[in-house]
Amino acid sequence: QLQLVESGGGLVQPGGSLRLSCAASGFTLHDYAIGWFRQAPGKERDGVSCISSGGTTIYADSVKGRFTISRDNAKNTVYLQMNSLKPEDTAVYYCAAVQKRLCLISTRSWYDYWGQGTQVTVSS
């Protein structure tokens, strides 16, 4: 059974950092493009960042310079390092996977598999 599990969310003060993890089970992430999306209350689920199977990365303008996506194929895990967090980063964060080389952050339907999400709250 293919499964993605996010972890690492929590409550952090503005300016703080969190590292989210997306662990895969039932399949090997090596051949998959992985995306991170987020959904704030009352808003659409938007793309944040993604990494292709070859390691090419894409970031939304709102997180460029603050977030870093990376993958550890040996651990079958993708990470999202989030620094200089702002209140507007508050959302449920989801990772998604597709067995393609290319990754996208503009299209949710590109991805076939989704995790259950992890809550990130940025507040003082």
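Go over the candidates Gly15, Gly8, Gly26, Gly42 one by one and state the one that is open to solvent by 20 Å² or more (accessible area, probe 1.4 Å), of a type in the set (Gly, Ala, Ser), over 15 Å from Gln116 (Cα atoms) and touching a Ser or Thr at 6+ places or on another chain (Cβ under 8 Å).
Numbers: Gly8 fails: over 15 Å from Gln116 (Cα atoms); Gly26 fails: touching a Ser or Thr at 6+ places or on another chain (Cβ under 8 Å); Gly42 fails: touching a Ser or Thr at 6+ places or on another chain (Cβ under 8 Å).
Going through Gly15, Gly8, Gly26, Gly42 in turn, the sole match is Gly15.
Under 7 Å between Cβ atoms, which residue pairs at least 6 apart in sequence (or on different chains) link something in the stretch 106-122 that is closer than 10 Å to Val92 by Cβ with a partner that is assigned to a helix (DSSP H, G or I)?
Filtered contacts from the stretch 106-122: Val120/Asp89.
The values are calculated or read from the model by the stated rules, or taken from the named source; none is laboratory data. Model, not experiment: these values are computed from the prediction. Neighbour counts are summed over all protein chains in view; Cβ atoms, including those assigned to glycine, are modelled from backbone coordinates with ideal geometry. Side chains are part of the model used for accessible areas, which takes the heavy atoms of the whole protein and leaves out ligands, DNA and RNA. Shrake-Rupley method; radii C 1.70, N 1.55, O 1.52, S 1.80 Å.
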